[in-house]
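This report refers to the structure that appears directly beneath it.
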Amino acid sequence: MKLDTKALRYLTTEDWRVLTAVEMGSKNHEIVPTPLITQLSGLRGGSGVHKCISTLAKANLIARMKNAKYDGYRLTYGGLDYLALHTHLKRQTLYSTGNCIGVGKESDIYVVASSTGSQFVLKIHRLGRISFRSIKNNRDYLRHRSNASWMYMSRLSALKEFTFMKVLRENGFRVPEPVAQSRHTVVMELIDAFPLRQIQEVPNPAGLYAELIDIVLRLASFGLIHGDFNEFNILIREDEIPAVETSGDTKTDIPDSKPAITLTPVIIDFPQMVSIDHTNAEMYFDRDINCIKRFFERRFNFVSDEPGPFFADAKMLAGAPESKRLDVEVEASGFSKKMARELEKYMQEVGVEGDVSYEGSGHTGEGDSDASGTSSGAEESSDDLSQDLRGSDGNDGLFKPSNEVESE
Ligand code: ADP
Ligand code: MG
């Protein structure tokens, strides 16, 4: 679905209260009865609340459920987007949205800006968006799946990503800096880099390969397996190293000389991360390693002389007495085992498989990025949504209905 922020700047304080009331009511009701919306909004009933409801419904932020036994509404994905954006605006973590730079099966990625003009990435998790494979496999199941659970799972996915990014970053891993999380969205540092997938040539494939394998092992030594370590989720940043002259103990920059370039891998996309103690840890670990091996062979004609690394090696690293366990740390920071289980079960049920389909599925993502559902860059960037999220006066202003806001 498209993120259209046009109506955002026109919603009144009362509209926001009513939208929040629908969200609150959704916790216990698949369809939130209108009297409950009125009650939760804390506004006096009557025409005021009804006007807000009609405004929100016209903007597709809530949807009327006609066939239900009682009159009511449910929050749409668009409504959830608005609530999350509203929170980011209030916290001043973002000010305006820009281009969509990636549409995965399970997320949309936008470039956004803060009020000072710094650019960030907004990742909107959309676990309810059904992949081409899971429609086939889970049609009956999904027909009965509730709207609320899609939203809940997308929130869990965002919370998981944010929590993991934070602990990884704190422990020296190169991942985007997490800035904020609200509902099903994460705001993070924008990495100025291309996914490995888009890189045709590197000066030293052996060096880059070794570095990536090292990242998988370092993660393992902290008790973690990425679970979706592939060429879409590894961004390759070109970092400049200034040329220096060494004389004795002093180093000086050589003016006018061309700086050397190093390729720095930055890892993204963490909703599928698992603990090294997970029942299927070995399968996930091998899959991550094999993904890199296969890609390097196909793309760079590079095959390592060394076999492995193997899961047993990784397990040993995690078991070392000095090892710090981040799989345990994330639980302490708010992403509980129960949440992890719920999210994992859901992902399995709806067929979330990450960016590429792996062995046995008929394709490997190589040469068919459309089928894999991931496209980064060019195709999406024509979808220019650049616009201020706030009205010119900086407050909520008056609402102007927009037909272009889509629900799901
Ligand atoms: P999905 O779960 O849908 O695969 P990802 O987090 O992998 O979502 O993001 C999809 C694409 O968006 C990536 O392949 C990358 O091209 C781009 N992207 C995501 N996060 C960032 C970021 N922080 N900086 C730059 N590009 C990003
Ligand atoms: Mg990805």
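Bear in mind that the values in this text are calculations on the coordinates, not laboratory data. None of these values were measured; they are calculated from a predicted model. Note: ideal-geometry Cβ built from the backbone for every residue, glycine included; neighbour counts use all protein chains shown.
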Sorting Leu343, Leu263, Tyr284 by the position of each Cα along the dipole of segment 256-345 (Lys, Arg +1; Asp, Glu -1; all at Cβ), the one nearest the positive end of that ordering is Leu343
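Report the full-extension gain for the segment Ser333 to Asp305: residue separation times 0.36 nm, less the Cα-Cα distance, to one decimal in nm. Intermediate values should be presented prior to the final figure.
Details: separation 28, 0.36 × 28 = 10.08 nm, distance 4.04 nm.
Between Ser333 and Asp305, full extension yields an extra 6.0 nm.
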Going residue by residue through segment 20-26, the Karplus relation 6.51 cos²θ - 1.76 cosθ + 1.60 with θ = phi - 60° gives ³J(HN,Hα) values, rounded to whole Hz and with x marking Gly or Pro, of 5, 5, 5, 5, 4, x, 5
Per the rule of 0.36 nm per residue minus the C-alpha distance, extending Met316 to Glu238 adds in nm 24.8 nm
Listed by chain and number, the residues whose amide H is under 5 Å from that of Arg126, excluding neighbours fewer than 5 places away on the same chain and using placed H, are Ser107, Asp108
Footprinting proxy, Phe222, Phe285: sorted fewest to most Cβ within 10 Å, the residues are Phe222, Phe285
Partner lysines whose C-alpha sits under 18 Å from that of Lys315, ignoring same-chain residues fewer than 8 away, are Lys324
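Rounded to the nearest 0.05, what FRET efficiency is calculated for Glu297 and Glu177 with R0 set to 35 Å and r the Cβ-Cβ distance? Don't jump to the answer; show the numbers that get you there.
Numbers: r = 33 Å, r/R0 = 0.94.
Computed FRET efficiency for Glu297 and Glu177: 0.60.
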XL table Lys123/Lys166; Lys2/Lys27; Lys123/Lys160; Lys105/Lys338; Lys51/Lys90; Cα-Cα > 18 Å flagged, in table order, is Lys2/Lys27; Lys105/Lys338; Lys51/Lys90
Under the 7 Å Cα-to-Cβ spin-label approximation, Met283 and Lys251 lie apart by a distance in nanometres of 4.7 nm
Sorted by chain and then number, the residues having a modelled amide H within less than 5 Å of the amide H of Leu224, at least 5 places away or on another chain, are Ile276
Residues whose built amide H sits under 5 Å from the amide H of Leu94, excluding neighbours closer than 5 in sequence, are Leu89
Expressed in nanometres to one decimal, the distance between label points 7 Å along Cα→Cβ at Lys66 and Arg169 is 4.6 nm
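Determine, for His226, His50, the number of other Cβ atoms within 10 Å of each Cβ, and report the residues in order from fewest to most. It would help to have the intermediate numbers written out before the result.
On the way: His226 27, His50 14.
Listed from fewest to most nearby Cβ atoms, that is His50, His226.
What is the order of Phe173, Phe270, fewest Cβ neighbours within 10 Å to most?
With the sparsest Cβ surroundings first, the list reads Phe173, Phe270.
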